[in-house]
Amino acid sequence: MEEQGIPVVVVDYNAQTVERHVASTVLFGQLTGQDSRGKEIADFYAGALKDIATRIAASGKPKPKVYVEFGNKGPAEYSFTYGKNMWGAMSTAAGGDNIAAPFVEWWGPINPEQVLASKPDAIFISGRENNKSETALPMGEGVKADEARGKLKAFETRQGWSELPAVKNGQLFGVYQGASRTISDFAMVQYIAKQLYPEQFKHVDPVADYLGYYKKYLPVVPEGTFAIAVKG
C-alpha cells in the first residue's frame with residue numbers, strides 16, 4: 001500500500017488504555033478533517049476516566065476482587081476472561097482486583113477451580129446481541145431486560161458458584177460486550193466501579209451516561225439492555 005502512495009495508520013482501542021484511546025480518537029479526527037471534534041471526544045473520555053479514578057481514590061476501600069467473563073458459551077462452559085487488556089483493563093480502571101490477571105495475560109479461559117479459590121466479590125458477565133448458544137448471555141441493542149436477567153441468573157447454577165461471595169451477595173452483573181474497545185466504554189467502567197464503590201458513585205447513572213454519549217456525538221441512540229444486575 002505504501003508503494004502505491006496510500007498512507008497506513010494504526011489505531012488501538014484493544015489495549016484499553018486512556019492514552020491509546022485518546023491518541024486513536026485524535027488521529028481519527030485528523031484523518032477526517034475534524035480535528036476539534038476528535039480532540040473534544042478524546043478529552044471527554046480522558047475526563048470521564050479521571051473522574052472515576054478520583055472517586056475510587058476517595059473511597060479509602062481495599063480493592064474488591066473481580067471476575068469478568070465473556071458469556072457467549074453460557075453457564076455450561078467457561079469462556080474467555082481477561083488479563084491486561086479489554087475487560088481486564090476496564091475492571092482494573094474501575095478499582096477492581098482482577099482475579100484472572102495472574103493467570104491470563106491477555107484473554108483466555110481460566111480454570112474453574114481458580115475462580116472458586118479466588119472467591120470474587122463481584123462477577124461481571126459480558127454479552128452481545130448475536131449468539132450461537134441458546135444459553136449465552138444476550139446484551140445490547142434490542143435485548144429485553146427480563147431476557148438478559150434470566151440468562152444471567154443461570155450462571156448462578158455453576159458448580160460451586162452458590163458459595164462465592166459475589167453470588168451470595170447478589171453481586172452478579174451483565175455488561176455489554178459491544179461497549180468495550182470504544183470511547184463509549186467509559187460507561188462500562190463507570191458501571192463496574194459503581195457496583196464496587198456504591199457510595200462514591202451513588203449519583204452516577206452509567207447507562208444514562210452511555211446513552212447521553214450517543215445523543216451528543218452520534219446520529220442514533222440505541223435501545224436495549226446494556227448493563228444489568230441479577231437482582232433487579
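Each value in this text was obtained by applying a stated rule to the coordinates, not by laboratory testing. Quantities reported herein were computed from a predicted structural model and do not represent experimental measurements. For neighbour counting, all protein chains shown are included, and Cβ atoms are generated from backbone atoms with ideal geometry for every residue, glycine included.
Applied to region 217-222, the Karplus parametrisation 6.51 cos²θ - 1.76 cosθ + 1.60 on θ = phi - 60° returns per-residue 3J(HN,Hα) values of 10, 10, x, 10, 10, x Hz, with x for Gly and Pro.
The residues packed around THR25, meaning those with a beta-carbon under 13 Å from its beta-carbon, carry a net charge of -2 if Lys and Arg are +1 and Asp and Glu are -1. Cα-based radius of gyration for region 7-67, normalised by 2.2 N^0.38 Å, reads 1.43. Cross-link partners for LYS216 among the lysines, with Cα-Cα distance under 25 Å and sequence neighbours closer than 8 places in the same chain left out: LYS39, LYS50, LYS144, LYS194, LYS202.
Extension gain, GLN30 to THR135, is 33.5 nm, computed as 0.36 nm per intervening residue step minus the present C-alpha separation.
Just the Kirkwood number for region 174-232, please: inverse of mean 1/r across all distinct Cα pairs, in Å, one decimal. Can you show the working numbers first?
Working: mean 1/r = 0.0839 Å⁻¹.
Roughly 11.9 Å, rounded to one decimal.
Remark on ASP97: its backbone amide H falls under 5 Å from those of LYS65, VAL66, a criterion applied only to residues 5 or more positions apart or on other chains, H modelled at 1.01 Å from N.
Report, for region 65-229, the % of DSSP beta bridges that are antiparallel, rounded to 5. DSSP beta bridges in region 65-229 are roughly 40 percent antiparallel.
In whole angstrom, how far apart do the alpha carbon centroids of region 151-201 and region 32-54 sit? That distance is 25 Å. Pop a pseudo-label 7 angstrom from the Cα along the beta-carbon direction at both GLU3 and ALA46 and give the gap in nm to one decimal. Calculated label separation equals 4.0 nm.
With a simple spin-label model that places each label point 7 Å from the Cα along the Cα-to-Cβ direction, the separation between LYS202 and LEU218 comes to 3.2 nm.
Simple rule: put +1 on each Lys or Arg Cβ and -1 on each Asp or Glu Cβ in the chain, find the dipole, and look at ALA58, PHE226, VAL11; the Cα lying farthest toward the positive end is ALA58. Adding -39500 (n - 2.57) for every DSSP H run of four residues or longer, then dividing by how many residues the chain holds, sets the calculated 222 nm ellipticity at -12000 deg cm²/dmol.
Which value, in debye to the nearest 20, describes the size of the charge dipole of the chain about its Cα centre when Lys and Arg Cβ atoms bear +1, Asp and Glu Cβ atoms bear -1, and nothing else is charged? Could the numbers behind the result be given before it?
On the way: 25 positive and 26 negative charges, 136 e Å.
Once rounded to the nearest 20, the dipole reads 660 debye.
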